[in-house]
Amino acid sequence: MQEKLWTKPFIMVSLINFILMLSMFLLLVTIGGYAVDEYNVSTSTAGLVSGIFIVGSLFGRFWAGKSIDVYGQKQVLIIGVIIFVVTTALYFVSFNLTLLLIVRFLNGMGNGIASTATGTIAAFITPMKRRGEGISYFSMSTVMATAIGPFLGLSLLQVISFRQLFVFCLILAIIGLIMLPQVTVNQDVKRLTSSSPSGFNIKEYIDVNAIPIALVVLICCTAYSSVLSFISFFAKENNLITAGSFFFLTYAIVVLISRPVTGKLMDNKGTNIVMYPALIAYFSGLLTLSFTHTSWMLILSAALLGFGYGNFQSIAQAIAVKVTDHEKMGLATSTYFIFLDFALGFGPYILGIFIPAIGLHGLYRYLSFFVIIGIVAYYFLHGRKAHLYN
């Protein structure tokens, strides 16, 4: 008989992660407009207000990755959620731009700490033989938040004020806090209690075993950051605003349909049987996007990206956990998310430099071949020895 996957702790930690990510994406797409309206800042400064959350999240993940293995997964989750709740409440007293930037940074830290803990707990409480399937299901909580958050945030602002949106986000955060006692973790592992005598050792914050797959994540997720950041501009530029509103919905539907299947395949047949088709679909999705001038092509590219990037993300997270020692799962999860956040947070700033010269169609075309580099990197860094971890 298969070991049970859908336990109460697994369901609860997935719901808490969904709530955290939903609140994050609700504000990620709307806070820039708030900064412009409230403080009359430039578009670039509004981008900083939005993006500094990711920088805070990075700092939070660095701390969480080490601390999970020192203090325990549940304790770090509690700390992260409390910080997230308190800093969400602080949006109401952000009376100037400087305070708003500080609150955004600290809010990101809380989110980074808490979401690193939820990812680690989900991997830890999932039966080892069903870990790929379990992480696939768990990571759908993030996918759904990615699709629902931006849509819900923009829709709510048509009928409520920014202050009321902050109230909504605070209520979400408090619900996550109330749910914490329902997450139980029997962490019977040896915790890391010693630190480097010299004070700082990168190995205390980054898991060396997870770096190879994390580098593939850095390459592939940098390319996807262009979709997150510029797809609305792309849809407007090509008069595809109506189809553009269904882009992430299509993406989410394909992920929901495919991930249960790809997760089981990964557990039964190994990572390569899923990873290579996913990366090829990812390449095809970006290439299709680069030639898109019609609604059906935009939706097709969303479907390809959902199967490709949507599955790549969960497979890569599962690999990061598989290749490390059992007691370093927290550090491995943190390492995966640090590289992911770095790609999604800083990618748009770097890629945006090239848009005036090559346009969005050209950008997506070049980035599709960036994924080819990711495929080659995956083969040499993990794919050719993947059978050792199956």
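Kindly provide log₁₀ I(q)/I(0) values, in the same order as q = 0.13, 0.19, 0.24 Å⁻¹, from the Debye equation applied to equal alpha-carbon scatterers of the stretch 284-363.
Results for the stretch 284-363 at q = 0.13, 0.19, 0.24 Å⁻¹ read -0.58, -0.93, -1.10.
Mind checking the alpha-carbon convex hull of the stretch 1-154 and giving the volume per residue in Å³?
Spread over its residues, the Cα hull of the stretch 1-154 gives 108 Å³ apiece.
If you build a Gaussian network model of the chain, linking Cα atoms that sit under 10 Å apart, which residue out of Pro277, Pro356, Pro127 swings the most?
Pro356
Stick to Cα atoms and the Kirkwood definition of Rh, then tell me Rg/Rh for the chain.
On the Cα set of the chain, Rg over Rh gives 0.95.
Taking Cα pairs under 8 Å and at least six residues apart, what relative contact order does the stretch 1-158 come out at, in percent?
Value for the stretch 1-158: 38 percent.
Where does each of 331-337, 165-171 land if you order them by average Cβ count within 10 Å, highest first?
The most tightly packed comes first, giving 331-337, 165-171.
So, in nm, how far is label Leu180 from label Ile355 when the simple model puts each one 7 Å beyond its Cα toward the Cβ?
Output for this residue pair reads 3.9 nm.
Which chymotrypsin sites (Phe, Trp or Tyr not before Pro) does the stretch 269-327 hold that lie in a coil by DSSP with at most 14 other beta carbons within 10 Å?
Qualifying residues, ordered by number: Phe291.
Taking all protein chains in place and a 1.4 Å probe, what share, in percent, of the accessible surface of the chain do carbon and sulfur account for?
Carbon-and-sulfur percentage of accessible area, whole number: 69.
Note down the Stokes-Einstein diffusion coefficient of the stretch 238-342 in µm²/s, whole number, using a Kirkwood radius over alpha carbon pairs, 25 °C, and 0.890 mPa s.
166 µm²/s
Straight-line reach from Lys322: which lysines have a Cα under 24 Å away, not including same-chain ones fewer than 8 places off?
Straight-line reach from Lys322, under 24 Å: Lys4, Lys8, Lys66, Lys74, Lys129, Lys190, Lys203, Lys264, Lys269, Lys385.
Can you compute the modelled spin-label distance between Met297 and Leu154, with each label point 7 Å from Cα toward Cβ, in nm?
With each label placed 7 Å out from Cα toward Cβ, I get 2.1 nm.
Could you give the alpha-carbon Rg of the stretch 56-104 over 2.2 N^0.38 Å, rounded to two decimals?
This ratio for the stretch 56-104 stands at 1.33.
So what are the ³J(HN,Hα) numbers for the stretch 251-262, from phi and the Karplus equation (6.51, -1.76, 1.60; θ = phi - 60°), rounded to whole Hz, Gly and Pro as x?
Computed from phi, the couplings for the stretch 251-262 are 3, 5, 4, 5, 4, 4, 6, 8, 4, x, 6, 5 Hz.
From the phi angles alone, apply the Karplus equation (6.51, -1.76, 1.60; θ = phi - 60°) to the stretch 98-111 and give each ³J(HN,Hα) in whole Hz, x where the residue is Gly or Pro.
With the stated coefficients, the stretch 98-111 comes to 4, 5, 4, 5, 5, 5, 4, 4, 5, 4, x, 4, x, 5 Hz.
Which of the peptides 84-95, 314-325, 209-220 is most tightly packed, and how do the rest follow, judged by the mean count of other Cβ atoms within 10 Å per residue?
The peptides rank, most packed first, as 314-325, 209-220, 84-95.
Through the Karplus equation 6.51 cos²θ - 1.76 cosθ + 1.60, θ set to phi - 60°, convert the phi angles of the stretch 18-32 into ³J(HN,Hα) values in whole Hz; use x for Gly and Pro.
4, 5, 4, 5, 4, 4, 4, 6, 4, 8, 4, 8, 10, 5, x
The values are calculated or read from the model by the stated rules, or taken from the named source; none is laboratory data. If you're wondering where the values come from, they're calculated on a predicted model, not measured in any experiment. Note: ideal-geometry Cβ built from the backbone for every residue, glycine included; neighbour counts use all protein chains shown. We work out accessible area using only protein heavy atoms, side chains counted, and drop any ligands, DNA or RNA first. Shrake-Rupley method; radii C 1.70, N 1.55, O 1.52, S 1.80 Å.
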